[in-house]
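**Student:** Have a look at this one before I ask anything.
The values are calculated or read from the model by the stated rules, or taken from the named source; none is laboratory data. Computed from a prediction, not measured in an experiment: that's the story for all the values here. Backbone-built Cβ (ideal geometry, glycine too); neighbour counts: all protein chains shown. Accessible surface is based on the protein model in full, side chains and every heavy atom, while ligands, DNA and RNA are left aside. Shrake-Rupley method; radii C 1.70, N 1.55, O 1.52, S 1.80 Å.
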Amino acid sequence: MGLKSCVRDDVLAKVRGQAGYADDLHFEDLLHMKMVRSPHAHARVIDIDDSQARALPGVIGVYTARDLPIKPSGPDRPVLAWDTVRYIGDGVALVAAETELVAEEAARLVKVKYQVLQGIFDPEVSLHEEAKPIHGESNVVSHWRIDRGDVDKAFVLSDVILDREYSTHAVYHGHMETEVAVAQPTATGLTIFCPSKMPTIVRNAVAFILGLKQNQVRMIQPVIGGSFGAKGPDAIILAARVGLVALLTGRACKGIYSRQESIIEGTKRHPFRMKYKVGATRDGRINAMDICILADAGAYRNETPRVTARAVVEAAGPYVVPNLKVDVKGVYTNQVNSDAVRGFGSPQVDFASELLISELAEVLGIDSFKIRRINGFKEGSLSATGQKMTAVGLDDCLDALEKYLDNNSGIKEMMNENQIGKRRGIGIACMFRGESKGAAAVDTAGVNIQVQPDASIVVYSGLAEVGQGGYTILKCVIAKVLGIGEERIVVSPYDSCYCPDGGPTVASRGTVTSGNAARLAAEAIREKLSKVAVAKLSVPLESLVFKEGRIFDRGNPTLGLSFENAVHAVYEAGDHAYGYGWWSAPETTWNYETGDVSECAPYFSYVYGANAAAVEVDLVSGKVDVLKIVAAHDVGFALNPAEVKNQIMGGVGMGIGYALTEDLDIEEGRIRNDNYDCYLLPTSLDIQEVVPLIVERAGPEGPLGAKGLGEPATCIVAPAILNAIANAIGCRLYDLPANLERVRSGIEAAKELSQIDLSLNRREDCPDISKVSIEGNEREVRI
Amino acid sequence: MIRSFLRPVTIYDACQQMRDHGENAVLVAGATHVVNELHRGLINPSVLVDIYRLNGLDVICMEGEELMLGSLVTISELIASSVVRQFVPALCQAAQSVGGKQRRNRGTLGGSIVHADPGDEILSVLSAFDCCVVLKDIEGERVLDLREFISGIRQTTIRNDEILTEVRIRLPERGSRMSFRKVSRRNASSSSVMNLTCLLLLKDNRIVCARLALGSVLTKAHRMSDAEVLLAQKKPSRTLFEKAGSLVLNQALQEAESEGLGIVDSVGSYKFSLMPHFVAQVLTETWERKE
Ligand SMILES: Cc1cc2nc3c(=O)[nH]c(=O)nc-3n(C[C@H](O)[C@H](O)[C@H](O)COP(=O)(O)OP(=O)(O)OC[C@H]3O[C@@H](n4cnc5c(N)ncnc54)[C@H](O)[C@@H]3O)c2cc1C
Ligand SMILES: Cc1cc2nc3c(=O)[nH]c(=O)nc-3n(C[C@H](O)[C@H](O)[C@H](O)COP(=O)(O)OP(=O)(O)OC[C@H]3O[C@@H](n4cnc5c(N)ncnc54)[C@H](O)[C@@H]3O)c2cc1C
């Protein structure tokens, strides 16, 4: 299966404390930047009095939007607000001072007079006719629709109809390193040091904001301390802020957010409200679905159009739905901004579709694997947007998962070990997900490989190593194409002076886009070396093999030359051994004009997954412990199996947090749990056993058939857990997170439904867990 | 802004320095809480008086029927102590459930008591016992019952120039069974949503005496006397424990009202809805424990 595992490129420096993060860099004569942020969710800025702040010794300057070369306008988040603030955390002014403490003190001394305006904190209110638009003419950021078949008629013909509402919440990325940037003035412009998931885009945006040419801004990427979807727009804005100070003062300037600042100002996962109606026949076939979704964009546009685009495509799940209506709107509110968080619109709709299909299975008395197989995509199925699906790995994932549960998991035994006052349950969920950016976006990446005269290799790429193992993937691909060991290869840190654009490291696209660019670049080198080998060995091109550091004749392996000698020969002939690869994704289609995407091919490829969760619920407190997660993911071809497993482990951890404990407590736009003492990421004691299962159904585009995995790993953990909770307590929850209060009220409701006896029952009076009655139906729970 | 960081070598010096600097000074032990307050701008002292390295305040020993604990004993030391484990196992249990490892290694018993958080696990256990604290200043010392010492949510009757030096716990009769349980949102580094310390002394399958201390519900950990009275001299049974649970709920509701606490928010109603079951569960667990 796949290639041999190799140690991730970035980890040794990280575990040895040698990784250079932005906060570790030293600069002469450095200024420190601190923000003055709006305490109001919506207000007009009447006056900014900075006299006291400027009078403080050590303060160099206080700057506002008036100091920007271009007036910020439109629905994109401004570096500094012009005259209106739209959420708590919007930047109003910034202070530059000799020390961080002085900057902080000065920021407190800047007196801003506001005229408080009515805020909108609910996306439904935002759509009311009387609601004032937060930007422009309307509060609708984006609106996408699908309308296929005849939904109304199909409902009439259905034996069973379920009408359900689901909600998901805002969560924070939880990256270890907070946002940070340093700007240094140079003779021609600026150098920016900033950890970001999209260095080239940050460079371009900073140049635009500060009125510079792209080649006047040099972007250097220090080691990134985690992203999970963050360090996109937040990085642009921070880099532009310190860049502004550097340009105005001629001195280097650094900005680093505290955890509170990061949580208050930074972007979050979109909260969704979803109405799902499904009609099915008695034998479990889905006839129709009608789906209506509202996504809370927060105060500015950010990635909302694309998050909701993904949501509309994936809303109905990996199922064939002949009659389908989907309507997804993203709307502005005066809440914190929503943007990319690992999953990017998928986890929300996966949550709804997977809870719904499991509930449908229960109601119809059909096994939960079976109902997914009945309706799931097969080779050639038509998707929600009418796209013909190929390389479908859904059944492979379901098979792998079911086989594991049946044969060797010990889960059945585990389910029967009920402790007093606790109940165990198991649930599953599955998914499909569009690869890479999709929706007709430009989707390209470049990689430059330079084989040195001594045959060692340096790789230049615009991919951001956010800890996902992206650099290692490049090495694996190049090593495979050139038939050499990875130890020969070094991936250069990113510097916009010499690294090509790799696009953003988002959308689980790194493996496919930069991986393909690396393949192309390596193939260019291979071609050069082949020419030399053909001449030296006098064998035809077709019979050359690149393997184990040699180039040899397939028919006569002793006839060959070493990789080194081939490289020397190239240089001796006055040529170079450099290779350049630029990969552009196959065309995808989208309907930006009308928003009706019923006939589109929005992604060039899709990935699949199926997860199972085993949970234990404390019937008194409602506390849920996740005993085990089994996660099958189709990665096409495992370039680095160890890393595939690690991605799955990490993704599961993030999914458990999403399901149970992570919850931004926001009241009228104010985040109350603004630090890790109250914002509860799962700890090692909350993530128990995780079993990753690697499924390989080669994708059409990825290098060697590989598909991306970064995000899928986190998408269906929450629905699997909530299905397991329903199985345990006999009552369904429809909202995330499944916190103590919600689970407890589910237990109370279930008590009425099926008389589950609370606690204190000795082991012998526990009813058999495998028979939990739901809505009066006695049913076997399939495990 | 902090201008000086003092590190006295004797308790007397520490008290003297606190007196000299008055309201501008803050005493620091493990600093886990103080640093948090500084960071959030909730306190703004110019002087920190660090007592973490004072000698003699990290003692754990038995004196007659009393367990003496120095105020600088860390949470980790409580867990590791065989004396604590033998005589007050509930304190070990509670200590194990506190915060994360760093917090347990740094944070002190004295800091927990003076911080007086209503959800503090250590305080919940101490409240189940007859327990007093020793406070010293340059003139001498006073000994206060823990109940008098804690006056409200994160409020105590300590004066700024006093140092808490030790805690004395009067041990219950030998053979008492005890346990501590907390409800929290995750399995580590999580504060109590609710906690309960329970003590039962049984003779001939009859409860001689029961003690219940409920934490994280009222302004401070509270003894639940109505339920204690009910349990005394009864034969343990599930029905009895459930009745005790209801009494705890009633008493907690009454106290909450008299303390003027709002109980309508979702967490409040959650706490009250699970309380009787939780109490019954912990009572059962304690009863099933070995002596
Ligand atoms: C618009 C958008 C924005 C996002 N922003 C970010 C962001 O900024 N940062 C972020 O962390 N996440 C972001 N995400 C999620 C992100 O896609 C993943 O979390 C991941 O970090 C991105 O890395 P990648 O593109 O290399 O992922 P992938 O290509 O999915 O690879 C992730 C890692 O998994 C392993 N892997 C994957 N496939 C294989 C395979 N076939 N064989 C062997 N190993 C494999 C490799 O180690 C690889 O590096 C975003 C998603 C979207 C849609
Ligand atoms: C990450 C983290 C997790 C936490 N988890 C929990 C938890 O699970 N449960 C919980 O209850 N609390 C928790 N806390 C709160 C806090 O750590 C403790 O309540 C307690 O304050 C720890 O003791 P300390 O020695 O660090 O106190 P310090 O921070 O040094 O002091 C706390 C207060 O007590 C005073 N003080 C300290 N010692 C004395 C003394 N001997 N005499 C007089 N006054 C004194 C100080 O002046 C200060 O006002 C947590 C804190 C953090 C940072």
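**Student:** Taking 51 Å as R0, compute the FRET efficiency from the Cβ-Cβ separation of A:Asn556 and A:Gln688 and round it to 0.05.
**Tutor:** 0.40
**Student:** Right, something else. First select every other residue whose beta carbon is under 12 angstrom from the beta carbon of A:Ala170; then total the charges, Lys and Arg +1, Asp and Glu -1.
**Tutor:** Combined, the nearby Lys, Arg, Asp and Glu give -3.
**Student:** Amide H to amide H under 5 Å from A:Ala252: which residues, 5+ apart in sequence or cross-chain, H placed 1.01 Å off N in plane?
**Tutor:** Result for A:Ala252 returns A:Leu31.
**Student:** On to the next question. In whole Å, what is the distance between the alpha-carbon centres of region A:472-513 and region A:193-232?
**Tutor:** Using only Cα atoms to place each centre, the spacing works out to 19 Å.
**Student:** Could you tell me the relative contact order of chain B? Use alpha-carbon pairs under 8 Å, at least six residues apart, and round to a whole percent.
**Tutor:** This gives 15 percent for chain B.
**Student:** In square nanometres, what is the average projected area of the Cα convex hull of region A:399-550?
**Tutor:** Seen from a random direction, the Cα hull of region A:399-550 projects 15.3 nm² on average.
**Student:** Treat each spin label as a single point 7 Å out from the Cα along the C-beta direction, and report the B:Val35 to A:Gln216 distance in nm.
**Tutor:** Each label point is offset 7 Å from its Cα along the Cβ direction, giving 4.4 nm.
**Student:** Under 1.5 on a/c is rounded, so check that first for region A:392-434, then, if it is not, pick prolate when a/b is larger than b/c and oblate when it is not; a ≥ b ≥ c are the square roots of the alpha carbon gyration tensor eigenvalues.
**Tutor:** Note, shape of region A:392-434 comes out oblate.
**Student:** If you don't mind, there's one more thing I want to ask. Residues of region A:689-733 with the amide nitrogen closer than 13 Å to a label point 7 Å from the Cα of A:Lys403, along Cα-to-Cβ, please.
**Tutor:** Flagged as within label range: A:693-697.
**Student:** Another question, if that's okay. Given A:Val141, A:His576, A:Val15, which one lies farthest toward the positive end of the charge dipole of chain A, if we put +1 on the Cβ of every Lys and Arg and -1 on the Cβ of every Asp and Glu?
**Tutor:** A:His576
**Student:** Quick one: the Cα spread of region A:530-648 along its three principal axes, in angstroms, biggest first?
**Tutor:** Reported extents, whole Å, longest axis first: 77, 46, 27.
**Student:** Work out, step by step, the length gained on full extension between A:Arg164 and A:Asp575: first 0.36 nm times the residue separation, then minus their alpha carbon distance; give nm to one decimal.
**Tutor:** Result: 141.3 nm gained on full extension.
**Student:** Express the relative contact order of region B:4-50 as a whole percentage, based on alpha carbon pairs under 8 Å and six or more residues apart in sequence.
**Tutor:** The normalised contact order for region B:4-50 reaches 56 percent.
**Student:** Report the extension gain between A:Glu527 and A:Trp82 in nm, rounded to one decimal, defined as 0.36 nm multiplied by the number of residues separating them, less their alpha carbon distance.
**Tutor:** 154.7 nm
**Student:** Same structure, new question: Nearest 0.05, what FRET efficiency do A:Lys111 and B:Asn24 give at R0 = 25 Å with Cβ-Cβ as r?
**Tutor:** 0.40
**Student:** Mind listing which trypsin sites (Lys or Arg not before Pro) in region A:1-44 are in a DSSP loop and have 12 or fewer other Cβ atoms within 10 Å?
**Tutor:** For trypsin sites (Lys or Arg not before Pro) across region A:1-44 that sit outside H, G, I, E and B with at most 12 neighbouring Cβ atoms in 10 Å, the list reads A:Lys4, A:Arg16.
**Student:** May I pose another question? Can you pull out the trypsin sites (Lys or Arg not before Pro) in region B:19-122 whose DSSP state is coil and whose Cβ has at most 15 other Cβ atoms within 10 Å?
**Tutor:** The qualifying sites are B:Arg40, B:Arg53.
**Student:** Then there's this: When you look at the Cβ of every residue in A:613-620, what mean number of other chain Cβ atoms sits within 10 Å?
**Tutor:** Per-residue shielding by partner chains comes out at 2.
**Student:** Taking the Cα centre of region A:258-406 as origin, sum charge times position over the Cβ atoms of Lys and Arg (+1) and Asp and Glu (-1), and report the length of that vector in debye to the nearest 20.
**Tutor:** Dipole size: approximately 440 debye.
**Student:** Counting Lys and Arg as +1 and Asp and Glu as -1, each charge on the Cβ, what is the dipole of region A:89-217 about the Cα centre in debye, to the nearest 20?
**Tutor:** With Lys and Arg at +1 and Asp and Glu at -1, about 660 debye.
**Student:** Could I ask something else about it? Report, in listed order, any pair from A:Lys254/A:Lys707; A:Lys422/B:Lys203; A:Lys268/A:Lys422; A:Lys422/B:Lys243; A:Lys536/A:Lys707 with a Cα-Cα distance greater than 32 Å.
**Tutor:** A:Lys254/A:Lys707; A:Lys268/A:Lys422; A:Lys536/A:Lys707
**Student:** Diagonalise the Cα gyration tensor of region B:4-50 and give the resulting equivalent ellipsoid semi-axes, square root of 5 times each eigenvalue, largest first, whole Å.
**Tutor:** In descending order, the three semi-axes are 19, 12, 7 Å.
**Student:** What is the distance, in nm, between label points placed 7 Å from the Cα along the Cα-to-Cβ direction at B:Ser258 and at A:Ser492?
**Tutor:** Between B:Ser258 and A:Ser492, the label points sit 7.6 nm apart.
**Student:** Hey, if you put +1 on the Cβ of every Lys and Arg and -1 on every Asp and Glu Cβ in chain B, which of B:Trp287, B:Ala29, B:Leu199 ends up farthest toward the positive end of that dipole?
**Tutor:** B:Trp287
**Student:** So how far apart, in nm, are the two label points at B:Cys61 and A:Asn673 if each is 7 Å from Cα heading toward Cβ?
**Tutor:** Roughly 4.5 nm, to one decimal.
**Student:** Between A:Asp122 and A:Thr99, what length comes free when the chain is fully extended (0.36 nm per residue of separation minus the Cα-Cα distance, one decimal in nm)?
**Tutor:** Value of the extension gain: 4.3 nm.
**Student:** Nothing charged except the Cβ atoms of Lys and Arg (+1) and of Asp and Glu (-1): what's the magnitude of the dipole of region A:444-584 about its Cα centre? Round to the nearest 20 debye.
**Tutor:** So the magnitude is around 340 debye.
**Student:** Got a sec to turn the phi values of region B:122-131 into Karplus ³J(HN,Hα) couplings, 6.51 cos²θ - 1.76 cosθ + 1.60 with θ = phi - 60°, whole Hz, x for Gly and Pro?
**Tutor:** 4, 5, 4, 5, 4, 5, 6, 10, 7, 8
**Student:** Let me ask something else. What number, in nm² with one decimal, is the all-direction average of the projected area of the convex hull of the alpha-carbon atoms of region A:203-325?
**Tutor:** 11.3 nm²
**Student:** Of chain A, which part is the longest with no chymotrypsin sites (Phe, Trp or Tyr not before Pro) in a loop (DSSP not H, G, I, E, B) and with at most 15 other C-beta atoms within 10 angstrom?
**Tutor:** In chain A, the maximal stretch lacking such sites is A:83-497.
**Student:** Restricting things to alpha carbons, find the Rg to Rh ratio for chain B using the Kirkwood radius for Rh.
**Tutor:** Ratio of gyration radius to Kirkwood radius for chain B: 0.98.
**Student:** Output the Kirkwood hydrodynamic radius of chain A, Cα pairs only, in Å rounded to one decimal.
**Tutor:** After inverting the pairwise mean of 1/r, the radius is 27.7 Å.
**Student:** Follow-up. So what is the 222 nm mean residue ellipticity for chain A from helices alone, if each DSSP H run of at least 4 adds -39500 (n - 2.57) and you divide by all residues, rounding to the nearest 500 deg cm²/dmol?
**Tutor:** Per the formula, -8500 deg cm²/dmol.
**Student:** Across the residues of B:180-187, average count of Cβ atoms on other protein chains within 10 Å?
**Tutor:** So the per-residue partner count for this stretch is 6.
**Student:** Still on this structure: Hey, what do the phi angles of region B:61-73 turn into as Karplus ³J(HN,Hα) couplings, whole Hz, using 6.51/-1.76/1.60 and θ = phi - 60°, x for Gly and Pro?
**Tutor:** Taking θ as phi minus 60°, the curve returns 7, 8, 10, x, 9, 10, 9, 9, 10, x, 5, 8, 4 Hz for region B:61-73.
**Student:** Additional query: DSSP loop trypsin sites (Lys or Arg not before Pro) in region A:164-258 with at most 12 other Cβ atoms within 10 Å of their Cβ, which ones?
**Tutor:** In loop regions of region A:164-258 (DSSP not H, G, I, E or B), the sparsely surrounded trypsin sites (Lys or Arg not before Pro) are A:Lys213.
**Student:** Here's a follow-up. Looking only at chain A, where both bridge partners belong to it, what percent of the DSSP beta bridges are antiparallel (to the nearest 5)?
**Tutor:** Looking only at bridges with both residues in chain A, the antiparallel portion is about 75 percent.
**Student:** Right, another one. To the nearest 100 Å², how much accessible surface do chains B and A hide from each other in total, with a 1.4 Å probe?
**Tutor:** 2300 Å²
**Student:** Let me ask another. Between B:Ala232 and B:Gln96, what's the calculated FRET efficiency when r is the beta-carbon distance and R0 is 45 Å? Round to 0.05.
**Tutor:** The calculated FRET efficiency here is 0.95.
**Student:** Which of the three applies to region A:594-716, rounded, prolate or oblate, going by the alpha-carbon gyration tensor with a ≥ b ≥ c and a/c under 1.5 meaning rounded?
**Tutor:** Since a/c reaches 1.5 but b/c is at least a/b, the shape of region A:594-716 is classed as oblate.
**Student:** Sticking with this structure for a sec: So for region A:5-48, taking the charge dipole from beta-carbon charges (+1 Lys/Arg, -1 Asp/Glu), which of A:Ser38, A:Phe27, A:Ser5 sits furthest toward the positive end?
**Tutor:** Farthest towards the positive pole: A:Ser38.
**Student:** Could you run the Karplus curve 6.51 cos²θ - 1.76 cosθ + 1.60 with θ = phi - 60° over region A:591-597 and give me ³J(HN,Hα) per residue in whole Hz, x for Gly and Pro?
**Tutor:** 10, 6, 5, 9, x, 8, 10
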